[in-house]
Amino acid sequence: MSASHVIIGDGIAGSSAAETIREADADASVTVITDEGEALYNRILIKEFAKGKMPAGPISIHDEGWYEERDINLKLNTMVTRVDTDAHELHTHEGETIEYDSLLIATGGTPTQLPVDGSDAEGVHHFWTFQDARAIKEHAERAETGAVIGAGLLGIDLAAICGAQDVEANYLMRGNAWWRYALSEDGAEIIHNALRENGVTPVFGSGVDEFDVNDDGDVVGVTDPNGEYFDADFVGIAIGLNYNTEFLRGSGIERTDDGSIVVDEHMRTSADDVYAAGDLTYFYDVILEDQAQNGAWGSAKEQGSIAGTNMTFDQGLDTDEATFEWVSSYSITHFDFPFLSFGHPTLGDDDVEKKYGDDEWRRVAIKDGKVVGGVLIGNLAPQSKLKRLARDRVDVSDKKELLLEENIDLEKFEPVEAEQ
Ligand SMILES: Cc1cc2nc3c(=O)[nH]c(=O)nc-3n(C[C@H](O)[C@H](O)[C@H](O)COP(=O)(O)OP(=O)(O)OC[C@H]3O[C@@H](n4cnc5c(N)ncnc54)[C@H](O)[C@@H]3O)c2cc1C
């Protein structure tokens with residue numbers, strides 16, 4: 001009898017698993033369940049929509065017909081509320097019970113709320129779904145003043161939306177630099193200047209003590225911990241994700257304290273026939289030789305595909321077991337210069353960095369003598385060589401300065417052979 005595969009989440013991880021399973025096994029039953037009201041769309045482009053730079057059409061990746069053509073059962077607007085790993089079944093908010101032979105959890109995360117007064121006021125936005133993007137766009141088009149909180153990769157999207165929509169915004173950061181765990185002040189200064197050129201003012205040593213909310217329940221301002229007040233009828237918050245795994249309570253599936261799901265390099269969880277993929281995994285990274293996390297589109301897609309392959313492999317299909325071995329990357333396209341981070345730029349016990357010009361900077365993070373990540377601003381040409389050094393776990397400890405050469409010469413890093 002053919003296997004029954006059930007996937008929770010129709011983000012890029014879940015969707016890519018469904019596609020992989022169907023390609024490997026024409027007879028399997030494949031069900032994809034999502035609590036969203038729309039099928040897979042390009043989450044990384046919703047910021048361009050909110051900026052007013054892109055229409056809604058091209059953001060959709062799959063319409064419902066895509067699933068029908070592949071005989072994949074798509075269940076929209078359906079929230080999974082409980083998983084029973086002993087019985088191999090799950091339950092939905094409508095009281096439906098669905099049995100599985102093999103189950104993938106790809107439910108991603110939900111933005112963390114700021115635990116301060118007024119954070120649920122009208123006009124305070126968190127950013128994850130297309131629905132959020134529609135609300136943000138509509139509001140940003142009429143807002144005059146803004147505040148953005150969260151000095152990371154999603155916060156800068158909210159800042160760029162303010163810039164593009166002519167909202168005069170302050171970007172309130174706790175430390176003295178944007179994404180201070182990955183960039184030094186030298187590198188961050190390039191971003192700060194670009195923000196200013198886009199009409200967004202970085203404010204350091206700041207944050208939020210409370211939101212000022214008017215009698216109609218609309219946010220009108222922010223007071224920071226120094227007592228300084230900023231007008232803001234638009235607020236964007238991006239301070240992290242809560243992983244959507246609460247519904248796994250009591251299932252026996254191992255999770256970390258922050259709720260992410262522990263998986264091996266094959267995307268298998270601690271429970272039989274249960275897999276996880278995407279942002280919510282705490283996976284064994286064979287390159288880092290340690291457990292790690294990634295919050296990036298390409299990585300989630302690859303994990304979904306690895307999980308899909310192994311779900312069919314474990315159900316006895318004649319395929320090869322797949323291993324997740326990936327150096328992720330994440331780019332920012334809001335400014336006149338390109339920006340890319342790769343691997344794990346916030347990890348490591350050592351690093352090298354160099355500024356090459358007003359808008360060009362590079363930093364490479366090193367752990368146990370190996371490249372584990374980095375940030376490139378202005379010139380992305382070295383990315384494939386740096387990723388190659390990371391992937392091949394090349395010892396660079398006595399050649400660190402060569403990582404900063406304009407043109408990295410891989411031949412100087414034996415035993416890596418130059419790419420043909
Ligand atoms: C604004 C924005 C910009 C981004 N820009 C970039 C970028 O430039 N580059 C990059 O690499 N990455 C970017 N990312 C991150 C990237 O989008 C994510 O890493 C990726 O989408 C994660 O995919 P996923 O499938 O793991 O999870 P998600 O995309 O979060 O999908 C999970 C799905 O599961 C559903 N779900 C949750 N709980 C349940 C439940 N109980 N029952 C049913 N369904 C459930 C959710 O509603 C959601 O549809 C960006 C993200 C955002 C929000």
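List of remarks:
- Flag if residue 395 is surrounded by fewer than 19 Cβ atoms within 10 Å (Cβ to Cβ), charged (D, E, K, R) and closer than 29 Å to residue 49 by Cβ: no
- Subset of region 86-124 [away from the ligand (no atom under 13 Å from the Cβ), buried (at least 17 other Cβ atoms within 10 Å of the Cβ) and within 30 Å of residue 298 (Cβ to Cβ)]: 100, 101, 102, 114
- Residue match in region 64-85 (condition: surrounded by fewer than 17 Cβ atoms within 10 Å (Cβ to Cβ), within 13 Å of the ligand (Cβ to nearest atom) and among the charged types (D, E, K, R)): yes
- Verdict on residue 8 being within 8 Å of the ligand (Cβ to nearest atom) and surrounded by fewer than 20 Cβ atoms within 10 Å (Cβ to Cβ): no
- Selection status of residue 247, part of a strand (DSSP E or B), out of contact with any His (no Cβ under 8 Å at 6 or more places or on another chain) and among the aromatic types (Phe, Trp, Tyr): no
- Condition met for residue 388 (outside any loop (DSSP other than H, G, I, E, B), charged (D, E, K, R) and either buried (at least 16 other Cβ atoms within 10 Å of the Cβ) or at pLDDT 95 or above (or both)): yes
- Among (1) touching a residue at least 40 places away in the same chain (Cβ under 8 Å); (2) in the same structural domain as residue 166 (by TED's automatic domain parsing) - the single one residue 226 does not satisfy: (1)
- Here is the figure for region 204-222: residues that are crowded, with 19+ Cβ neighbours inside 10 Å and part of a strand (DSSP E or B) total 4.
- Of all the listed residues (134, 174, 196), the sole one being among the basic types (Lys, Arg) and within 20 Å of residue 221 (Cβ to Cβ) is 174.
- Identity of the residue in region 391-409, under 30 Å from the mean Cα position of the chain (by Cα) and assigned to a helix (DSSP H, G or I), that ends up nearest to residue 354 (Cα to Cα): 404
- Just one of the listed residues (269, 319, 281) is β-branched (Val, Ile, Thr), at pLDDT below 95 and not assigned by TED's automatic domain parsing to the domain that holds residue 128, namely 319.
- Criterion applied to 346, 309, 333, 281 was being of a type in the set (S, T, N, Q) and more than 26 Å from residue 61 (Cβ to Cβ), and the one residue passing it is 346.
- Residue in region 330-348 that is assigned to a helix (DSSP H, G or I) and over 30 Å from residue 18 (Cα atoms) present: no
- Residue list for region 253-298, restricted to those being within 14 Å of the ligand (Cβ to nearest atom), in a loop (DSSP other than H, G, I, E, B) and not acidic (Asp, Glu): 253, 259, 260, 267, 277, 278, 280, 293, 294, 295, 296
- Qualifying residues in region 135-157 (those that are touching a helix residue (DSSP H, G or I) at 6+ places or on another chain (Cβ under 8 Å) and among the charged types (D, E, K, R)) - the one farthest from the ligand (Cβ to nearest atom): 137
- Filtered by the rule that a residue be under 17 Å from residue 241 (Cα atoms) and either surrounded by fewer than 22 Cβ atoms within 10 Å (Cβ to Cβ) or at pLDDT below 95 (or both), region 132-144 gives a lone residue, 132.
- Output for region 268-293, where each listed residue is among the aromatic types (Phe, Trp, Tyr) and free of Cβ contacts under 8 Å to residues at least 60 places away in the same chain: 282, 283, 284
- Candidate set: region 316-364, residues that are crowded, with 17+ Cβ neighbours inside 10 Å, β-branched (Val, Ile, Thr) and within 17 Å of the chain's Cα centre (by Cα); chosen: the one farthest from the ligand (Cβ to nearest atom): 327
- Residue within region 25-35 that is in a loop (DSSP other than H, G, I, E, B), more than 25 Å from residue 309 (Cα to Cα) and touching a helix residue (DSSP H, G or I) at 6+ places or on another chain (Cβ under 8 Å) present: no
- If you go through region 223-240 and keep only what is buried (at least 20 other Cβ atoms within 10 Å of the Cβ) and under 19 Å from residue 127 (Cα atoms), you end up with 232, 234, 235, 236, 237, 238.
- Residues in region 46-61 that are buried (at least 19 other Cβ atoms within 10 Å of the Cβ) and either out of contact with any Ser or Thr (no Cβ under 9 Å at 6 or more places or on another chain) or not acidic (Asp, Glu) (or both): 46, 47, 49, 50, 51.
The values are calculated or read from the model by the stated rules, or taken from the named source; none is laboratory data. Worth saying up front: this structure is predicted, and the values here are computed from it rather than measured. Reconstructed Cβ throughout: ideal geometry from the backbone, glycine too, with neighbour counts over all protein chains shown.
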